[in-house]
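The values are calculated or read from the model by the stated rules, or taken from the named source; none is laboratory data. Keep in mind it's a predicted model, so treat the numbers as computed, not measured. Quick reminder, even Gly has a Cβ in these numbers, built from the backbone with ideal geometry, and neighbours come from all protein chains shown.
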Amino acid sequence: MDHFRYRDGVLCAEDVALSDIAATVGTPAYVYSTATLERHYKLFDEALGDLPHTICYAMKAASNQAILTTLARLGAGMDVVSGGEYARAKAAGVPGERIVFSGVGKTEEEIRAALTGGVKQFNVESEPELAVLSRVAAELGVTAPIALRVNPDVDARTHAKISTGKSENKFGIPISKARAVYAEAAALLGIEVVGVDVHIGSQLTELEPFEAAFTRVAELTEALRADGHDIRRLDLGGGLGIPYQNTNEAPPLPFDYGALIRRTVGHLGCEIEIEPGRLIAGNAGILLARVIYVKEGEGRRFLILDAAMNDLIRPAMYDAWHDIVPVKEPAAGAGRVTYDVVGPVCESGDTFAKARDLPELAAGDLVAFRSAGAYGAVMSSEYNTRPLVPEVLVKNDHHAVIRARPSFEEMIARDTIPAWL
Ligand SMILES: *Cc1c(COP(=O)(O)O)cnc(C)c1O
């Protein structure tokens, strides 16, 4: 469920007409709903109910400070994957004890920053990382709490580029080696083993892969406890998918995911950490764009928008589907047209949809890409020297620009011409 609805013939974010935002902020622009962000966070919180738990929002999905602050005020922790994300989480007021640090390539500098600023745990992905962590922690005279990210060799049955739990993926430590690496970790200076971590991929639309992974984590936890480790936290990662298309086939709900967690690992008495990203932010955001031209091609009609692949790369990168809807509600029985929906960038990959059946549109009309809140703005770039797409947050009848569109002057001023040139 989200808070983007037609009202009086205009698509609104909560109580604000998207046409009003387009008029003041311009297009393209991302627009987020506070109520949807909050609702999704609370769904997970309720799904885990009385299990001791922390929801560490995977902020790589959408990391604007206003979004982080919204979630932090609800008590959210954060899953960070870089020093930059760690700094963002701290700047949003998230205390170190609610931040988990994930990622296959943490640098010594990033590790030092997190150990100094406070961290709930490092999700360690390799033995070399463990060695660096131990050395840096010992140098600083502190102890690093760790979970090992295990790779359970489970097929998440999602897009190959966002599948992370198969043995051929770069992520985690093979679960078959886990006991040996835990023994090694426990013997290292400056390391305290606190838990087990797993994350098998993103946009999962079935519960079975989670069930297989969590069952393996439960078995491993019992084996590790028998080996003498005090495993008291289980980080089950993120990955729950969202509906991108308005069809009957909806992915599992947080409530059922919560029940699965209870069933597979609930008996272990561990604190549960989960790291949802997409499900919290995805349907909380849209990308607002305007039609520049309707162009008649040979045997096809192109809808050329002012948004492009640099603003929303998911269709080009993952062949992703985003529902595209007109901001002005089409009249009942209005004509429909098949369009190739494209942007102005000089690449054929700059195609949002092929042969998409849409209500008839004209130059100047506004459209919204639904479900664009996660892995949208964060993956945008300034390719073709198109200004970084701005972000707007709505709450009830308030809206504010939470990241401004840079001017051409600001963009140019970031470059430096060497004196010797
Ligand atoms: C990307 C990622 C997540 C979030 O995945 P979603 O599909 O957005 O829920 C969680 N944990 C880790 C380690 C990740 O890399």
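Numbers for the structure displayed
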{"read-out": "Residue tally, condition out of contact with any Leu (no Cβ under 8 Å at 6 or more places or on another chain), surrounded by fewer than 15 Cβ atoms within 10 Å (Cβ to Cβ) and in a helix (DSSP H, G or I), over region 132-151", "value": "1"}
{"read-out": "Residue count for region 341-386, restricted to those that are without any contact (Cβ under 8 Å) to a residue 40 or more places away in the chain, assigned to a loop (DSSP other than H, G, I, E, B) and either assigned by TED's automatic domain parsing to the domain that holds MET59 or surrounded by 18 or more Cβ atoms within 10 Å (Cβ to Cβ) (or both)", "value": "1"}
{"read-out": "Some residue of region 245-259 being assigned by TED's automatic domain parsing to the domain that holds ALA183, at pLDDT 95 or above, away from the ligand (no atom under 16 Å from the Cβ) and crowded, with 16+ Cβ neighbours inside 10 Å", "value": "yes"}
{"read-out": "Every residue from region 269-291 that is farther than 20 Å from MET309 by Cβ, of a type in the set (A, V, I, L, M, F, W, C) and more than 14 Å from the chain's Cα centre (by Cα)", "value": "CYS270, ILE272"}
{"read-out": "Residue in region 20-41 that is in a strand (DSSP E or B) and basic (Lys, Arg) present", "value": "no"}
{"read-out": "Neighbours by Cβ (under 8 Å, 6+ apart or cross-chain): first from region 324-340, touching a residue at least 12 places away in the same chain (Cβ under 8 Å) and among the charged types (D, E, K, R); second surrounded by 17 or more Cβ atoms within 10 Å (Cβ to Cβ) and not in a strand (DSSP E or B)", "value": "LYS328/ASP365"}
{"read-out": "Among (1) within 16 Å of the ligand (Cβ to nearest atom); (2) in contact with a Cys (Cβ under 8 Å, 6 or more places away or on another chain) - the single one PHE210 does not satisfy", "value": "(2)"}
{"read-out": "Condition check for GLY172: buried (at least 19 other Cβ atoms within 10 Å of the Cβ), within 15 Å of the ligand (Cβ to nearest atom) and at positive phi", "value": "yes"}
{"read-out": "Failed criterion for ARG216 (all others in (1) within 15 Å of the ligand (Cβ to nearest atom); (2) touching a helix residue (DSSP H, G or I) at 6+ places or on another chain (Cβ under 7 Å) hold)", "value": "(1)"}
{"read-out": "Any chance ALA160 is surrounded by fewer than 22 Cβ atoms within 10 Å (Cβ to Cβ), at pLDDT below 95 and among the aliphatic types (A, V, I, L, M)", "value": "yes"}
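Table: residues versus (1) surrounded by 18 or more Cβ atoms within 10 Å (Cβ to Cβ); (2) away from the ligand (no atom under 13 Å from the Cβ); (3) closer than 26 Å to GLY241 by Cβ; (4) outside the structural domain of GLU273 (by TED's automatic domain parsing).
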site: ARG39; (1), (2), (3), (4): no, yes, yes, no
site: ALA72; (1), (2), (3), (4): yes, yes, yes, no
site: GLU85; (1), (2), (3), (4): yes, no, yes, no
site: GLY118; (1), (2), (3), (4): no, yes, no, no
